[in-house]
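Note sheet for the following structure.
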Amino acid sequence: MNLTFEGFLKGYCRELSGQQSLSFRKLVEQATTVAPRVAEPLFLLALAQGKAEYVLGLSEGSWMEEGYRDVFSLYGQADSLASLCAGDKLPNRYANVWRAYRGMKEKPVADRRVNALMRKRTLKALEASGVTRYGLCRDLHLNKGNVYAYLAGDDSKVSRKTARRIMEYAEERGTQEGVGRPVRVAG
């Protein structure tokens, strides 16, 4: 996922304002009345799009104006919006928006790391339980190709939630009595 900060801000403003429009006029109105949490991502979006002075004008006389002016001043001293956000001079309310973006952008990498750890536990539990990969896919109604690729080492083939379901199923089956491949008795 190649999420840009501007793309994140657009989605975040839509989510926090409860509207699909990215009209700065409408967003400022929402921030001053029913959706104050949209104020910070709104101004960062305005900075990203070169509309900060316009939004400053729209916020005149509101509770947001002073904060916007302070951030606009800091932006004038920074090399870029990213360096401003990554630095330590930005007020915490604005820095939280940057942290939310970084968390979302880094989520796929973190998920793959966690999936790799769960895969190791899953493989041990599958071996101990005797449950086949096919049986696991059938019982959990999962795509065989994705599960086989995941168990072979491609940690991007299943979500973290699915990896957890697979691991818990394998561990649960390993602790049940009489579970596993049927034993053939000669004779």
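The values are calculated or read from the model by the stated rules, or taken from the named source; none is laboratory data. Quick caveat: nothing in here was measured; it's all calculated off a predicted structure. Positions of Cβ are backbone-derived with ideal geometry, glycine not excepted, and every protein chain shown enters the neighbour counts. When the accessible area is computed, the model is the full protein with side chains, heavy atoms only, and any ligands, DNA or RNA have been set aside. Shrake-Rupley method; radii C 1.70, N 1.55, O 1.52, S 1.80 Å.
3J(HN,Hα) couplings calculated from phi for region 33-43 with the Karplus curve 6.51 cos²θ - 1.76 cosθ + 1.60 (θ = phi - 60°) are, in sequence order, 10, 9, 9, x, 5, 7, 4, 5, x, 4, 5 Hz; Gly and Pro show x. Given +1 at the Cβ of Lys and Arg, -1 at the Cβ of Asp and Glu and no other charges, the dipole of region 1-133 around its Cα centre is 1060 debye to the nearest 20.
Karplus-derived 3J(HN,Hα) values for region 97-108, using 6.51 cos²θ - 1.76 cosθ + 1.60 with θ = phi - 60°, are 5, 4, 5, 5, 5, 4, x, 6, 5, 8, 4, x Hz; glycine and proline are entered as x.
Which order do the peptides 59-68, 105-114 come out in when sorted by mean C-beta neighbours inside 10 angstrom, highest first? Could the numbers behind the result be given before it?
Values: 59-68: 15.3, 105-114: 12.9.
Per-residue mean Cβ counts within 10 Å order the peptides as 59-68, 105-114.
For the chain, what does -39500 (n - 2.57) per DSSP helix run (n ≥ 4), summed and divided by total residues, give at 222 nm, in deg cm²/dmol to the nearest 500?
Working: 10 runs with 129 residues, N = 187.
Per the formula, -22000 deg cm²/dmol.
How much length is gained on full extension from residue 78 to residue 168, taking 0.36 nm per residue of separation minus their Cα-Cα distance?
Numbers: separation 90, 0.36 × 90 = 32.40 nm, distance 4.86 nm.
Computed gain between residue 78 and residue 168 is 27.5 nm.
Quick one: compute the contact order of the chain, relative version, from alpha carbon pairs under 8 angstrom and 6+ residues apart, as a percent. Answer for the chain is 16 percent. Scoring 6-19, 33-46 by mean Cβ neighbours within 10 Å over their residues and listing the highest first yields 33-46, 6-19.
Among the listed pairs 10/157; 120/144; 105/161, which are separated by more than 20 Å between their Cα atoms? Working shown, then result.
Numbers: 10/157 28 Å; 120/144 18 Å; 105/161 18 Å.
Long pairs (Cα-Cα over 20 Å): 10/157.
Given a 1.4 angstrom probe, what's the average accessible area per residue across region 6-145, in square angstrom? Let's see the in-between values first.
Details: 7790 Å² over 140 residues.
Ligands and nucleic acids excluded, the result is 56 Å² per residue.
For Cα Rg over 2.2 N^0.38 Å, the value calculated from this model appears in (i) 1.14; (ii) 0.96; (iii) 1.56 under label (iii).
Where Lys and Arg each count +1 and Asp and Glu each count -1, what net charge lies around residue 18 among other residues with Cβ under 15 Å from its Cβ? Can you show the working numbers first?
Working: positive: 10, 14, 26, 37; negative: 15, 29.
Residues near residue 18 contribute +2 overall.
When the solvent-accessible area of the chain is split by element, carbon and sulfur atoms take up 49 percent of it, the probe being 1.4 Å.
As a rough guide to protection, the peptides 165-172, 20-27, 96-103 ranked by mean Cβ packing within 10 Å, highest first, stand as 165-172, 96-103, 20-27.
Once the Cα-Cα distance is subtracted from the 0.36 nm per residue extended length, the residue 20 to residue 69 segment shows a gain of 15.0 nm.
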